[in-house]
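A short write-up of the structure that comes next.
Just so it is clear, none of the values below were taken in a lab; they were calculated from the coordinates. Every value quoted in this text rests on a predicted model; they were computed, and no experiment measured them. Here the Cβ positions follow ideal geometry from the backbone for every residue, glycine too, while neighbour counts run over all protein chains shown.
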Amino acid sequence: MTNADIKYWADTLRGLRIDTSAAQNYWQPLESAYTGPDRHYHNLDHLSTMFGILESLALEHPYLVRLAVWFHDLIYDIHRKDNEAKSAEAAVAFAGQYGIPEADQLTLEALIMSTAGHHPFYSYCPNHSLRKDFTGFAKAARRL
């Protein structure tokens, strides 16, 4: 299983040609968000599972999709309906800060926003929340 940890975060950043020494500063808030006491499901284990599935897919832009996975549940409040939009805003702000091209920022936003829908997913993904997340990612990633 792929671990959603600082090493995988750094590898994602290297794949996007982001200076890992500068962007490493974002690891602490990222980790804190996914390990909060309210994170029963949308946590680092959830990300690890998603990364494991991603590794089995042939993606043209795997690091951009990885970045979307890192951010897709960053903002999570069960009382709000704009979690994906807020997570996408955070991802785009991060991407802009570290020089990711605007076209890729728009793709990043679209990938994250694609997780807001409820669609059936592949049979090897029995967990409903993973199906929802990956259906959006799969549809959007195919358009990359």
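Which trypsin sites (Lys or Arg not before Pro) does region 63-103 hold that lie in a coil by DSSP with at most 13 other beta carbons within 10 Å?
Working: sites: ARG66, ARG80, LYS81, LYS86; in loops: ARG80, LYS81.
Sparse-neighbourhood loop trypsin sites (Lys or Arg not before Pro): ARG80, LYS81.
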Region 53-93: GluC sites (Glu not before Pro) in DSSP loop, at most 14 other beta carbons within 10 Å: GLU60
At 7 Å along Cα-to-Cβ for each site, give me the label-to-label distance between HIS79 and TYR41 in nm. 2.0
Under the Karplus curve 6.51 cos²θ - 1.76 cosθ + 1.60, θ = phi - 60°, whole-Hz ³J(HN,Hα) for region 39-52, x wherever Gly or Pro sits: 9, 7, 10, 7, 10, 5, 5, 4, 5, 4, 4, 5, 4, x
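Give me the net charge of TYR8's neighbourhood, meaning all other residues with Cβ under 11 Å from the Cβ of TYR8; Lys, Arg count +1, Asp, Glu -1. Working shown, then result.
Working: positive: LYS7, ARG14, ARG66; negative: ASP5, ASP11, GLU55.
Around TYR8, the charge tally is 0.
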